[in-house]
Amino acid sequence: GLFGVAELSCPEGFQEAQDKALQESEQLVQRACSTPPGLETVKIFDQLSDSLCRVADLADFVKIAHPDFAFREAAEEACRNIGTMVEKLNTDVELCQSLRRLLTDETAVSSLDPETRRVAELFMFDFEISGIHLDEEKRRKAVSLNVRILDLCNGFLTGAHLPNNIDKHVLPEHIRYNFTAEGNYLQVAGLHADCPDDLVREAAYKIFLYPNAEQLNRLEELLASRNSLAQLVGYDTFAHRALQGTMAKNPETVNQFLEKLSEQLSKRTQKDFEMMTQMKMKLNPHNSKLMPWDHPYYSGALRAERYNIDPSLYCPFFSLGACMEGLNSLFNQLLGISLYGEQTQRGEVWSEDVRKLAVVHETEGLLGYIYCDFFQRPNKPHQDCHFTVRGGRLREDGEYQLPVVVLMLSLPRSTRDAPTLLSPGMMENLFHEMGHAMHSMLGRTRYQHVTGTRCATDFAEVPSILMEYFANDYRVVNQFARHYKTGQPLPKTMVSRLCESKKVCAAADMQLQVFYAALDQIYHGKHPLPKSTTEILKETQEKVYGLPYVPNTAWQLRFSHLVGYGAKYYSYLMSRAVASMVWKQCFAQDPFDRAMGERYRREMLAHGGGKEPILMVQGMLQKSPSVEDFVDALVSDLDHDFESFIMDS
């Protein structure tokens, strides 16, 4: 069966696994309600969470990635049914009472250790955001709002990716071939950001971002419903609710962070825009005004012109085998961990090219499993991501339930003449996703509810972004990057050039992220919104980003992150700031420092989400970082490295 789960040897097994989980959860609910308040209460709640998550998490992955439609459909159905059960439990008054009895009993609470207490509070938070503390009528309203929000999210996600059609005669003949033809219409399915023809990018931008009334209504209703739900359960705005328990804690801190970052970036961003404008003028003297569709293309063109970093020069040094060896060696030196390939049983994997790795510590033994689903195949989603399939926890019998994760990438397959070769970007992504996997393996908490990457969104990306710093350090790369034919190491100047090239127009790229994050905060801030979502977009774009708004476009209707990262889009920037501080202070001097590796494990990885995120950062940096520290860390990363500058000159 899939992942070694016996029932899942066929799609029908999902029904069986789900029924078993639902039955088990009913027994656990009865136990929770009849147990006197204490440590046992939290253990039962976590068992309940585990029995549902073991099916839901696995099904979440299968519904996206399994090549067999019947498996995908069965998994989708299981997700829906478990989701309904979770909604029901979150509004079960008697179940909530059993937890409230514990949290209001001072003697019982004082007997709990900090992790157990935090887990109990997190479960309580889940109840409260479902409106459990409200009267019957308001509780019903909260449930129906939750259901409506879920529907709107799904509709918005679908709409965000739908292509727009246009009568082909509207476009000049010489650019039509760039778009898919459907009878008399052309289909525009994206922004064509890398196309060298300015006119193609302009047409794609104006057509793809043309407002769709239905999608606009969905977004407005989604934002209003989120706000109503947040206010119903006692928060000022949806952002206040979403940021509870995060590193930032509240929208005021997020806005302060974004404003200060924007101030620090403004001069550099202007400089970047000037360089792009000059380049555009050189290539297109008749129309040199820099527009939003120019930014991604000209920043890439400037990088290429200055640093000649053609990926095909790098790929031969980054064979998949060499990169995996590099990761193995790095984890071994930093954490005493090795990765071993393991034979899979029949039916355990969903595609024959999936590899299973055992993660083994030199003294603690087996820590868990990583399934590597690395290669392209038809209908496989084109996203690099990490899935928790089973969370770690201390079981009732005293054994530790080993975590199981999947890493999904879209790498090219090997050919007769060459192994799988990674571009520098793919290599960095592999390191990034492995950072998540190590967090899952080493966040060995007692409770499944806070294991591994089940932590605050603005902390979750820290371990993965930190791995990018390792991937860009010559001392690390030099350990594994060898030409697959000659065995020759990757020259140091090539690594320096690659790193320096990433700093070209990096301020403008970061400013764009600040704009998206600011927009997300306004949309999830005070309601009713002062203006329409498009007017807010125009105003914020011109104030925060600096390139002009294009009339009759509505970029926000393509902003799919509003669904999964509502009010939390800033998280990526804040995680990067923390990762940068950790790198500079703890690893830049010696990226293989075992004592630092152990401190990193002890202070940041070991707690999963079982400790307040800012306390983990304090433990690692041995000081409490301010908003200014976060901003300085991000901005100092934009400075060119003097040594490589001299070498290049």
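The values are calculated or read from the model by the stated rules, or taken from the named source; none is laboratory data. The structure presented is a predicted model; accordingly, all values stated were derived computationally and were not measured. Methodologically, a virtual Cβ is constructed for each residue, glycine included, from the backbone with ideal geometry; neighbour enumeration extends over all protein chains shown. To get the accessible areas, we keep the full protein, side chains included, count just its heavy atoms, and leave off ligands, DNA and RNA. Shrake-Rupley method; radii C 1.70, N 1.55, O 1.52, S 1.80 Å.
Structure above, values below:
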| read-out | value |
| --- | --- |
| Qualifying trypsin sites (Lys or Arg not before Pro) for segment 476-542 [loop in DSSP, other Cβ within 10 Å: at most 13] | K485, K526, K531 |
| For R393, residues with placed amide H under 5 Å, excluding near neighbours | Q401 |
| Distance between modelled label sites at A70 and N164, nm, 7 Å Cα→Cβ extension | 4.2 nm |
| Which of Y484, Y307 is most accessible, then next, and so on - probe 1.4 Å | Y484, Y307 |
| Whichever lysines have a C-alpha closer than 20 Å to that of K282, once near sequence neighbours (fewer than 8 apart) are set aside | K271 |
| Translational diffusion coefficient (Stokes-Einstein; Kirkwood radius from C-alpha pairs) of the chain at 20 °C, 1.002 mPa s, in µm²/s | 80 µm²/s |
| Of K584/K611; K249/K623; K206/K538; K43/K568; K249/K531, pairs whose Cα-Cα distance is over 21 Å | K584/K611; K43/K568; K249/K531 |
| Potential lengthening between E352 and S636 on full extension [0.36 nm per residue; Cα-Cα distance subtracted] | 97.7 nm |
| Fraction of accessible area attributable to carbon and sulfur, segment 104-184 (%, probe 1.4 Å) | 51 percent |
| Heavy atoms of V5 accessible to a 1.4 Å probe, total area in Å² rounded to 10 | 40 Å² |
| List L191, L232, L152, ordered by accessible area with a 1.4 Å probe, largest first | L191, L232, L152 |
| Convex hull volume of segment 315-494 per residue (C-alpha atoms, cubic angstrom) | 136 Å³ |
| Stokes-Einstein diffusion coefficient of segment 41-172, Kirkwood radius over Cα pairs, 10 °C, 1.306 mPa s, in µm²/s | 89 µm²/s |
| Separation of the Q618 and E274 label points, Cα + 7 Å toward Cβ, nm | 4.3 nm |
| Accessible surface, per residue, of segment 132-192 when the full set of protein chains is kept, probe 1.4 Å, Å² | 64 Å² |
| Solution diffusion estimate, µm²/s, Stokes-Einstein, segment 426-487, Kirkwood Rh from C-alpha pairs, 25 °C, viscosity 0.890 mPa s | 189 µm²/s |
| Rounded Å value of the spacing that divides the Cα centres of segment 230-250 and segment 359-396 | 32 Å |
| Given charges at Cβ of Lys, Arg, Asp, Glu: segment 315-494 dipole, positive-most of G443, S414, V476 | S414 |
| Centre separation in Å (Cα based) which lies between segment 269-308 and segment 438-464 | 40 Å |
